[in-house]
Every structure is written in C-alpha cells, then in structure tokens.
Amino acid sequence: MGQGVLTAAFPRIDRVLYCEAVPLDRIASAVGTPAYVYSASQIRDRLRALDAALESVPHRVHYTLKANSSRALLRLMRDLGAGVEVVSGGELSRARHAGYSPSEIIFGGVGKTEAELCEAIEAGILMLNVESESELRVVSRLATSLRAPARVSIRVNPDVAVDTSHDYIKTGERGHKFGIPYPDALRVALLAASLPNVTLVGLDMHLGSMIANSEPYREGTARLVRLCREIRDAGVRTLEYLDVGGGFGIQYEEEQPLDLDAFAAAVIPLVREVGLTLVVEPGRYIVGESGVLVTRVLYRKASGGKQFVIADAGMTDLLRPSLYNAYHRIEAVRAVDRATVVDVVGPVCESGDFLALDRVVDDAAPGDLLAIFDVGAYGYAMASNYNSRRRGAEVLVEGDRFAVVTARESYEDLVRLEIDQPEWRS
Ligand SMILES: *Cc1c(COP(=O)(O)O)cnc(C)c1O
C-alpha cells in the first residue's frame, strides 16, 4: 500500500511521501501536526493549463477565493496574472491585502450587505455580480450617493441541470436561491442599463461544483449568448464580459475530472460569436489537488467489531467528509506494507467526526503520519474552532524549500475576541 496515484507534486521517493522535493515527515517535525501543505508548482501548472486551454479567445481567470483564501496562495496566483472572485467584504479585504487591484476583483454572492456593496463600489472593482432586482436597485442608490458609478454583471440562473456528487453543490437549477431566473433576466438587465450610476458590463452564471461534463457549460453559455443578443437588440452596447462561472470537477476518487479542452471547445465558439471577453471563476480546479493535510495517528482501537485509527486531525480541520460524505485518499507518509479496513476518525466529540469510514488504508500505528490528499480547496477555508481546537498551520513548498505561511493558532488566539470586563449598557 501507500503506492497510490503518483503525481509530480506529491512523489513517493524511497518509501517516503514528498511535497515537491521536501519529505512530508520533515515538515511535520518542524511545524507539528495537523498541517496543510501546498505545492506551489501544482498551482502554477493548473493556472497555466487553464490559460493555455482558453488562449484562442480573450479571457480572464478569476480564482474563487472561498476555496482557499491564504495570502501566500493568492500572491502566487497574482504573480501569474490571475484575478479573483470574492463573496464577502472579508474576502474583498483579503484580496486587497494580497495585492489585487480593484480592476482584478469580481464580487458575487446572493446576500451582499449595503456596507459590503459600498466597499466594492468605492474601490471601483471590475464588476459586481448582481443576483436580484432588489439588489440592483440598492446598488444604483448607493452608487448615486457615493457619486461612484457601479459596474454590474447580471448573474443569471440558466436553469441547466448538472450531475454533481452532492445536492448541496448544485446552484444553477430552477428553485435554487442563486441568480436571477432566466425568464426575468432580460428585463432585469435592461433595468440595469437604465438605472442611474450603473453600467451593465457583464452576464454571469455559476452552475455548481464538481462538474465533469462540458455539456451544461455549453447549454448555459448558449443561454447567456442569446440573452446578450437580446440586450444588444434593445440598444444596450456596454457588455464586455461573459462569465461562465467555476465548478470544474477534479478527481478525488474515481470521478472524471472536467476535460479542459472539451470545455474550451464547448464554450469558446459561442463566446466568439458575440465578441465578449470570456471569464472563468474556478476555485477547486486550481487549488484542490495542490494540498495535503498531514496528521499524526494518536491511537488505534477496536470497538464494536470495528477498527479505528484516531488521528490528531478531524472535522474541525477538514469538514468535507462529515459535511458532504466526501472521499479523500489517505496514505501513510512512510510506506506501510500492510493495509486494513478502518474508520479514520478525529478527536472531536461528535460521532460525525471522521476522515474516512470503512476504508482500506495503510495499517498505521500510533505516532505514524498520514497524508490526506486533495484538500487544497474547501479544506483550511472551512476549518473551525469547535471544541476550542486551534486551527493548524499552513505550509507552502517551493522545490526543496518550505515555509509556514499561516501560523498554527495559539490558545491566546482562541479567546482574543472575548471581553473580559463586559461594559454593561441599558
Ligand atoms: C464557489 C463558487 C465558484 C467556484 O466553485 P469551484 O467548484 O470551487 O470551482 C465560482 N463562482 C461562484 C459564484 C461560486 O459561488
């Protein structure tokens, strides 16, 4: 065992798992566990592959911050020319701290507050993806009072069915809270074009996540292209961008990843017909496979006819198994020659706290290190302090060097916001 899929980013050399040219056990000794470890070259490779697939049409890649918002990763992507897509004032602020200029930022999300809208309008970002008529009217009012024009894009719910691994990650079918229903989109777009201090610059969709097939992108893009024509026929000439969202599937287990060339072949001819700049907003595709979570086995035990591996990482470090029943490959960092069927569980006081159930994994002993694969997206970003657990460290690897880029939280951090002497008011 322990000889699973070999990747350039996480090779196994002399029975030890590496990230690029650094053995994972060296990182664990230096920074402790649990620790997220990311390969810089893997992220660069993904961005370059995306650029190459889309090169025949004017395009922009806007990385979706919510997948992983670590500043070190954001800077690395910025150096390669990526923009970002943010869904909150906090993410807008993080993007600015990482050095993104407003013209490299798209702001989406179904429930932006007035304060968040003001921050985005004042900064002068590339576009606000507007998700309802009432939001659009608020944007116009705020832009007028700030005397700053707002560039908006209409997020359309294209009502395209997708086949994803979990219902919670579908977003573009009728009856979802996201976007403006397709039958209303033309009216809302024309309203946007007519409201004071609003410029309609784009049309946008996002179908969901973990999409393997390019057909839904073709259908959705065709709908946006039709809408673009209808908007132009009504005399509006300001459209610049056609944003087809993110959701590109990757391979965790046996899933088919999205074929980028098939995606490009499905979408590019449509976008070219209307001469708009293609925008994509992937998160998982860029960072998902760039990260592993390194955890140490604390105990082994048998109970109720089952074998348990108790690790020092759990649902507070990696929520996806508990939340989505997601599969993440697990291998011992130092190869173990036997495998066994176990539940890999964490220390959190919840029965739903697991990393793998009924899984054949390396027969690791207390003290051994395990690597949980493909956790670069929605891993650290969903970590919590439940059970007053400190969030672990994040480490970036560049060739034969590594650096802590997010410190492990301290006990002090856990109580930092608590007010020792409350100021009572009445
Ligand atoms: C989450 C999200 C994305 C990215 O989804 P991935 O599956 O990580 O690619 C893109 N756009 C919007 C609007 C999103 O909410």
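The values are calculated or read from the model by the stated rules, or taken from the named source; none is laboratory data. Since the model is a prediction, treat every value here as computed from it, not as a measurement. Neighbour counts run over all protein chains shown; Cβ positions are idealised from the backbone, glycine included.
The requirement of being charged (D, E, K, R) and within 16 Å of the chain's Cα centre (by Cα) is fulfilled somewhere in the range 29-50, by at least one residue.
Taking every residue in the range 169-194 that is within 16 Å of the ligand (Cβ to nearest atom) and outside any loop (DSSP other than H, G, I, E, B) and pairing it with any residue that is modelled with pLDDT of 85 or more and of a type in the set (K, R), at least 6 positions away or on another chain, the pairs with Cβ-Cβ distances below 8 Å are I180/R155. Candidates L318, L258, L270: the one that is crowded, with 20+ Cβ neighbours inside 10 Å, under 17 Å from A383 (Cβ atoms), of a type in the set (A, V, I, L, M) and at pLDDT 95 or above is L318.
Can V110 be described as of a type in the set (A, V, I, L, M) and without any contact (Cβ under 8 Å) to a residue 40 or more places away in the chain? Taking the combined requirement at face value, the residue does not satisfy it.
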